[in-house]
Amino acid sequence: MTDSLISINGGSVQTLEVIFLTTMIALLPSMLVMMTSFTRYIISLSFLRNAMGTAQSPPNLVLVGISLFLTLITMNPVLTQIQTQAWEPYRNETIDQAEFIDRASVPLKGFMLDNTQWNTLEMFCNLAHIDVPETRAEAEELPLRIIVPAFMTQELQRAFYIGFLLYLPFLLIDVIVSSTLMSMGMIMLPPAMISTPFKLLLFVSVNGWSLLFSTLVQGVY
């Protein structure tokens, strides 16, 4: 039995291929969050905004946009491998959909394993009652349902650690401003009103955005 065809722009496309492409498009946002460094970037930037006490500035749209471009920079080698090893052969109809998924998952698994600690991977293997791999080659044979949550756990841990480091200098400014106001008897004056300009001055004077972006990207293996 042959697959049914759908006519598009004078050509014909297999129905299963249309369903596959539609499903991939629907899963792209989830894949972006779960299988890339996007989570680390957006959480770190959110911590920075809270530490500076600037409420909704930069707005969420700006933080998401910056995180997307940083993610594209980080994931460019992986995307290039997927294009050459999986997408181009699939577009040339030399491999089927199943082979495309298998080939595309190899670079993603390599990237996620490079950014995942072994003990975290062991924990999820034990939770899933799967034998813990002993070598990197065996780890690459693990299913994505084990590698993805292990990678996300590691990204959350790194993002919160980065947030802790970002909070320290701004917390020091808050302590100094609060102590100064109390010593002057100005208890009714909100410390945040005084400390926020000093936080902005400190961040801008050290070229904070460029320093933060370069550190975040270089921190990805």
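Remark: the SER178-ARG91 segment gains 25.1 nm on full extension, using 0.36 nm per residue and subtracting the alpha carbon distance.
Surface calculation, 1.4 Å probe, protein heavy atoms: LEU127 sits at approximately 120 Å² accessible. Computed from the Cβ-Cβ distance with R0 of 45 Å, the FRET efficiency linking GLU141 to LEU68 stands at 0.90. Here is the list for segment 59-145: GluC sites (Glu not before Pro) lying in DSSP coil, each with at most 15 other C-beta atoms within 10 angstrom of its C-beta, are GLU93, GLU134, GLU141. Positive-end ranking of ASN207, LEU156, THR135 along the dipole of segment 119-216, with charges on Cβ about the Cα centre, is headed by ASN207.
Could you give each residue of segment 44-59 its phi-based ³J(HN,Hα) in whole Hz, using Karplus coefficients 6.51, -1.76, 1.60 with θ = phi - 60°, and x for Gly or Pro? Karplus values, whole Hz, x for Gly and Pro: 4, 5, 5, 4, 4, 4, 5, 5, 6, x, 9, 6, 9, 10, x, x. In this rough spin-label picture, where each label sits 7 Å from Cα along the Cβ direction, the ALA55-TYR167 distance is 2.2 nm. Using the empirical formula 2.2 N^0.38 Å as the baseline, the Cα radius of gyration of segment 37-189 reaches a ratio of 1.46. Fully extending the segment from LEU201 to THR80 would add 39.6 nm, taking 0.36 nm per residue of separation and subtracting the current Cα-Cα distance. TRP209 label point, 7 Å along Cα→Cβ, cut-off 13 Å on backbone N: hits in segment 67-110? Residues 67 fall inside that zone.
The values are calculated or read from the model by the stated rules, or taken from the named source; none is laboratory data. No experiment lies behind these values; they were computed from the predicted model shown. Glycine also receives a Cβ, built like all others from the backbone with ideal geometry; neighbour counts cover every protein chain displayed. Heads up: the accessible areas ignore ligands, DNA and RNA and are worked out on the full protein's heavy atoms, side chains in. Shrake-Rupley method; radii C 1.70, N 1.55, O 1.52, S 1.80 Å.
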